[in-house]
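Trainee: Attaching a single structure in structure tokens format; questions to follow.
Every number in this text was worked out from the coordinates using simple rules, so none of it is lab data. All of these numbers come straight from a predicted model, not from anything done at the bench. Every residue, glycine as well, gets a Cβ built from its backbone with ideal geometry; the counts of neighbours run over all protein chains shown.
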């Protein structure tokens, strides 16, 4: 089996999200690609993989076993699993779990995800209450990230 690279990861994500669209009617995989790009060109390969896959378990037929079978590194799978929201918990509990995990990649990717969700160029239709929830999550995760960098 070939090791996973960005091209194969993006192909995997496109396949997993096949037919899914965002609120604007655009292919959903494009959100994952934008999240990855927000990390910067020099971000390590594994965090880019996490960014591309961050919604795969939550929003598609894919599960952690599928990621393992496809050849993704264990650290990538663990980060993606952490970013997968358990809807039995509140959004605040979900964000706290990411913040308290000490998982640098998951925190960075969730911050990039929130930035994409709040991007004025893409956020038409975002309710004020959802925007506040995302902004509060950003503060919690930025504080966690600063704590990790100290």
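Trainee: Run the helix sum for the chain: -39,500 (n - 2.57) per DSSP H stretch of 4+ residues, divided by residue count, reported at 222 nm to the nearest 500 deg cm²/dmol.
Mentor: Roughly -19500 deg cm²/dmol at 222 nm, from the helical runs in the chain.
Trainee: Given (i) 15.8, 48; (ii) 14.8, 47; (iii) 23.6, 75 as candidate values of Rg and Dmax of the Cα atoms in Å, which corresponds to the one derived from the coordinates?
Mentor: (ii)
Trainee: Moving on. Return the whole-Å distance between the Cα centroid of the range 1-72 and the Cα centroid of the range 106-150.
Mentor: First find each Cα centre; the distance between them is then 19 Å.
Trainee: For residue 18 and residue 97, calculate 0.36 nm times their separation in residues minus their Cα-Cα distance, and state this gained length in nm to one decimal.
Mentor: Taking 0.36 nm per residue and subtracting the Cα distance, the gain is 25.5 nm.
Trainee: Further, regarding this structure: Once fully extended, how much extra length lies between residue 34 and residue 46, figured as 0.36 nm per residue of separation less the alpha-carbon to alpha-carbon distance? If you can, show how the numbers build up before the last one.
Mentor: Numbers: separation 12, 0.36 × 12 = 4.32 nm, distance 1.59 nm.
Taking 0.36 nm per residue and subtracting the Cα distance, the gain is 2.7 nm.
Trainee: When only alpha-carbon atoms count, how far does the range 71-150 stretch along each of its three principal axes, as whole angstroms with the largest first?
Mentor: Principal extents (largest minus smallest coordinate, Cα): 36, 32, 27 Å.
Trainee: Under a crude label model (7 Å from the Cα following the beta-carbon direction), how far is residue 126 from residue 145 in nanometres?
Mentor: Label-label distance for residue 126 and residue 145, simple model: 1.5 nm.
Trainee: What relative contact order, as a whole-number percentage, does the chain give when Cα pairs under 8 Å and 6 or more residues apart are counted?
Mentor: 22 percent
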